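Report on the structure given below.
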Amino acid sequence: MKFDTPATTNPIDRLAVVGKPTPRIDGPLKTTGTAPYAYERQDAVPDAAYGYVVGSSIAKGRIAAMDLADARAAPGVLAIVTAGNAGKLGKGEKNTATLLGGPEIEHYHQAIALVVAESFEQARAAATLVRVTYDRAGGAFDLARAKDGATKPEDGASDSEVGDFAGAFAAAPVTLDETYTTPDQTHAMMEPHATIAAWDGDRLTVWLSNQMIAWTTGDLARTLNMPKEKVRLISPFVGGGFGGKLFLRADTLLAALGARAAGRPVKVALQRPLMTNNTTHRPATIQRIRIGAERDGAITAIAHESWSGNLPGGDPETAVDQTKLLYAGANRLTALRLARLDLPEGNAMRAPGEAPGMMALEIAMDEMAEKLGLDPVEFRVRNDTQVDPGKPDRPFSRRQLVECLRQGADRFGWARRNPRPGESRDGRWLTGLGVAAAFRNNLLTRSAARVRLDGRGVVTVETDMTDIGTGSYTIIAQTAAEMMGVGLDRVTVRLGDSSFPASAGSGGQWGANNSTAGVYAACVKLREAVAGKLGFNSADAVFADGQVRAGNRGVPLAEAAGEDGLAAEDGIEYGDLDKRYQQSTFGAHFVEVGVDAATAEIRVRRMLAVCAAGRILNPLSARSQVIGAMTMGVGAALMEELAVDRRAGFFVNHDLAGYEVPVHADIPHQEVIFLDETDPISSPMKAKGVGELGLCGVGAAIANAVYNATGVRVRDYPVTLDKLLDRMPEVG
Amino acid sequence: MRPFTYERATSPAAAAAAVERNPGARFIAGGTNLLDLMKLEIETPVQLVDVNGLKLDSVEPTPDGGLRIGALVRNTDLAADPRVRRDYGVLSRALLAGASGQLRNKATTAGNLLQRTRCPYFYDTGQPCNKRQPGSGCAAIGGFSRQLAVIGGSDACIATHPSDMAVAMRALDATVETVRPDGAVRTIPVADLHRLPGDTPQIETALEHGELITAVALPKPAGGAQIYRKVRDRASYAFALVSVAAIVQPDGSGRVALGGVAPKPWRVEAAEAEMPRGAKAVAARLLAGAKPTDDNAFKLPLVERTLGAVLAEAKG
């Protein structure tokens, strides 16, 4: 189905199932521990051997020698895979560093061997007997030092300029020019990357934990130099991804190679201490923001430049994109610069681009409001724009930023905020309120599904869409139920299998809108098939209550399907609506913090997010997405930082003890409000993404609240107590 | 993890003898630290002697009005003991500030004292570490050292001791009771249990190989206001950046021990004479000679400020 004109009224608008708060249909499996994750598929593969990954202990250089003799001789060892014996491998389109290193080493903990043994313990013990001699080479590990040598990224689309930024900034009566930094961060999902691989002749099946089945199927085939038709991926349940499982990673490749070498299925889970440096991470940024405004608060000039680093061939963190779109202003500039670093590969993590970009931009807006003597909510409202400020003939499809800010301010008690920082106290706590806008683009990408109606009236949906804990199963079931006029109990959803039609997958908050639109398209086709079989005019047929009706004739779906059932497959494909309209999601974050007057410990007291993100398909799972994202925002603001060892070139705190993310005690009270919104430009579902919107801006709202509480402006994340301490009040 | 043999000890002396016989043997109690280290092959015992069945799990009054805490009393039980809550509040508070409920249910009193550092370089077997592999060097010095020691370290090691409980024990003047392989018992002040690293950071305690802690004795209650204040980046389940255990008497005298700053619970008795003069004076004496890194220099003012808040709280 081609979607190239705005949606009109369609069966989804009945909202009999869609839009209703619906508990996850996979919930009982999760809460009873019966949802099988990749590593646990002994039901499918009862005889898997165990693989243990050996990671490089240097960041850059070469393996001079590798002695496998002791490891080979260790009890239970079946095979050892290295780059030297794995045969010629290709490289995935989405991979920057190779997944099996050697002799060249590109980053710390790059996999250099897989030891396969009868038991996990044997594999682990033997892995420590692999003796490696390295020729260590120097590398670049410090973004601040590499910054001056950073260059324009190769894709060429990195800079944008509108009007005359330099002239307007110089002429502006009120200006800000500040630099902000965000650190390297890791996904820290609960379930590690994990795979079971089994060969049947020249055909390969892998059970894995992955967000993007089609990408990864292609890249696995490409890396193994085999046709992708002979590769099957199965990933029905994913224990968290956050962008870390968008791609083929070492667990999958090495399990496949290990299984080939051992002549039997092999399972591999990346060891927790290895994951951080072995896989991808969100790269650190240095961001310079300049804003010029009239005294009444109208922005006349805005510039956002960002520096990040990556391995050769890697991409920059696109931290400036929101600044092209979020606020008005006739003169604008953005630029990305990329430095070469020899740290592990930087890539997508939890709202890549906007998450770190908004962390900087929305502090800058707070600082600018203060310079102007304006309330930070009011300053943002004054600079709202209903069109793409760089291309004024291109409107936003739907933009309710002002409504989010206003409603949030009202609901949160923003009027009670003391605009003078450092003056509010509650016992030992200095208290403060902060606000930030939320913004994340809505991305459109094709997505397909297959639907079947069987002789019992059950609708089965199959698509390679994944559910990474987000609720995909449930919203897809709601969509199919709405379209076919059945209850949720008559819908079965099967996901995450490369033998199903290719979907949008899970990433960039694009999964919900696109994958359900794909299911919509397939259901439209199935409705036509049902109507056609019954001789109904499909435009007149009404699907409701398990029946299809036209005029005064009604036929139960089960009967219409007959013994053989009916099936249809289709997908959604987009025209140029996203060129003609700017599609984005909007929100406002409000935060109250307490800062211990003596120790400067920062504790969040309450949070509110107001979101305007199109139709909310399932308010229950959408709320869970947003509160999860707000929690990630707390982590980013207050504690998450990969510490770089700038001598040896690796992330030092590479386990869950060293890399802190929020615990329950850090998150006392969160509230989420969804504005009533539909966006007919986005898809027939009139929905948009929402999960990552909940993250974009939270960090700045917290940093701004800390400023309001203490009067200390921290521009380097995370905002930790050591950055406040010397400007806190006298103790006692 | 290397293969190992396992045996259950039948008495403290037998346990001590069993370990002494085998240079590669270790005691195991709660296992909350040792098992993790074995999985990473940081610890590679060839034999584990399980002391869990030794009935060292009661808290009894002592003739001089103190408490004798069995080595195997779980952290959860000790924190909840009404006598501890009433008379040794700093200990109960320190215990509850540590780890998580699940870990406290498993972790024992002696095991808590003997837990090993959380220095990230100690945990990364790809990196040099004098504690893990004597003579290999210290990657933490000049590396990422936010959590590491500002005082008491050496050119060989700047690891911190991670325990909260031990800091309170130090403030309470606890003593450790042990049994040696020959059956002889001795007592060691908790002050002398942990050693500073010097040039042998792999030797962490005064215990001999095979010597088993059987109990920790607390002297009669010290009275006063007993406060444990742990400062950390997140609200729970994190090791201390700095912690303060304080016992403050109504006249302003008292005792102070610090966590998170040194290779052992850090107490300088001479500094306590300064308590009536306030936190600044005490902190200056406590941390005299400190050698912080750029990453952790903030701990010095943080100690002073935290101590100031604790002394103010004690005053009510």
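The values are calculated or read from the model by the stated rules, or taken from the named source; none is laboratory data. It should be emphasised that the depicted structure is a prediction, and the values quoted were computed from it without experimental measurement. Here the Cβ positions follow ideal geometry from the backbone for every residue, glycine too, while neighbour counts run over all protein chains shown. The accessibility values were calculated without ligands, DNA or RNA, using every heavy atom of the protein model including side chains. Shrake-Rupley method; radii C 1.70, N 1.55, O 1.52, S 1.80 Å.
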I need the per residue convex hull volume for the stretch A:504-544, using only the alpha carbons, in cubic angstrom as a whole number. 65 Å³
Using the Kyte-Doolittle scale, find the helices of chain A whose mean hydropathy is at least -1.0 and whose Cα atoms extend 30 Å or more along the helix's long axis, counting only whole DSSP H runs. A:511-534
Given a 1.4 angstrom probe, I'd like the percentage of the accessible area of the stretch A:149-196 that is carbon and sulfur, rounded to a whole number. 52 percent
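Using the Kirkwood radius over Cα pairs, work out the Stokes-Einstein diffusion coefficient for the stretch B:1-89 at 37 °C and 0.692 mPa s, in µm²/s as a whole number.
This corresponds to a translational diffusion coefficient of 223 µm²/s.
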How large is the Rg to Rh ratio of the stretch A:1-102 when both quantities use alpha carbon positions and Rh follows Kirkwood? 1.21
In Å, descending, principal axis extents of the Cα set of the stretch B:149-220: 37, 30, 14
How many partner chain Cβ atoms sit within 10 Å of a residue's Cβ in peptide B:225-237, on average, as a whole number? 5
Please work out the average accessible area per residue across chain B, using the 1.4 Å probe convention, and give it in Å². 39 Å²
Of all the C-alpha pairs in the stretch B:118-266, what % are more than 22 Å from each other? 48 percent
Probe 1.4 Å, protein heavy atoms only: A and B together bury a total accessible area in Å², to the nearest 100, of 2900 Å²
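Could you work out the Kirkwood radius for the stretch A:402-462, taking every pair of different alpha carbons, averaging 1/r and inverting it, reported in Å?
By the Kirkwood definition, the hydrodynamic radius is 17.1 Å.
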What is the log10 of I(q)/I(0) for the stretch A:536-617, computed with the Debye formula using one identical point scatterer on each Cα and no solvent, at q = 0.10, 0.15, 0.27 Å⁻¹? -0.65, -0.85, -1.26
Could you point to the residue in A:522, A:323, A:356 farthest towards the positive end of chain A's charge dipole, with +1 and -1 charges on the Cβ of Lys/Arg and Asp/Glu respectively? A:522
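Viscosity 0.692 mPa s, temperature 37 °C: Stokes-Einstein D of the stretch A:1-54 from its Kirkwood Cα radius, in µm² per second?
202 µm²/s
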Evaluate the Kirkwood expression for the hydrodynamic radius of the stretch B:190-277, namely the inverse of the mean inverse distance over all pairs of different C-alpha atoms, and round to one decimal in Å. 15.4 Å
Could you give me D for the stretch B:1-42, from Stokes-Einstein at 25 °C and 0.890 mPa s, where the hydrodynamic radius is the Kirkwood radius over C-alpha pairs? Units µm² s⁻¹, please. 218 µm²/s
Just to verify a number: what accessible area does residue B:138 come out at with the full protein assembly present, 1.4 Å probe, Å² rounded to tens? 40 Å²
Heavy atoms of residue A:30 accessible to a 1.4 Å probe, total area in Å² rounded to 10: 60 Å²
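Could you work out the per residue convex hull volume over the alpha carbons of the stretch B:1-155, in cubic angstrom?
Per residue, the Cα convex hull of the stretch B:1-155 comes to 153 Å³.
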Taking the alpha-carbon set of the stretch A:522-580, what are its Rg and Dmax in Å? 14.1, 46
Above 35 angstrom, tally the Cα pairs of chain B and express them as a % of all pairs, no decimals. 17 percent
Take the eigenvalues of the Cα gyration tensor for the stretch A:211-277, scale each by 5, and report the square roots as semi-axes in whole Å, largest first. 19, 16, 11
Overall dimensions of the stretch A:195-238 as given by Cα atoms, namely Rg and Dmax in Å: 9.7, 28
Over all distinct Cα pairs, what is the inverse of the mean 1/r for the stretch B:88-148, reported as the Kirkwood hydrodynamic radius in Å? 13.7 Å
Let me know the whole percent of all Cα-Cα pairs from the stretch A:114-249 that are separated by more than 19 Å. 75 percent
Along the principal axes of its C-alpha atoms, what lengths does the protein assembly as shown span, in descending order and rounded to whole Å? 97, 73, 57
Pairs of alpha-carbon atoms within less than 8 angstrom and 6+ residues apart define the contacts here; what relative contact order does chain A have, in percent? 17 percent
Let me check the size of the stretch A:367-480 from its C-alpha atoms; what are the radius of gyration and Dmax in Å? 22.7, 70
Could you list, bin by bin from short to long, the percent of Cα-Cα pairs of the stretch A:603-674 in 10 Å steps? 18, 38, 25, 15, 4
Which one, B:169, A:600, A:262, projects farthest toward the positive side of the charge dipole computed for the protein assembly as shown from Cβ point charges (K/R +1, D/E -1)? B:169
Compute for the stretch A:433-499: radius of gyration divided by Kirkwood radius, i.e. Rg/Rh, restricted to C-alpha atoms, rounded to two decimals. 1.15
Using alpha carbon positions and the Kirkwood radius, the Rg to Rh ratio of the stretch A:654-732 is 1.12
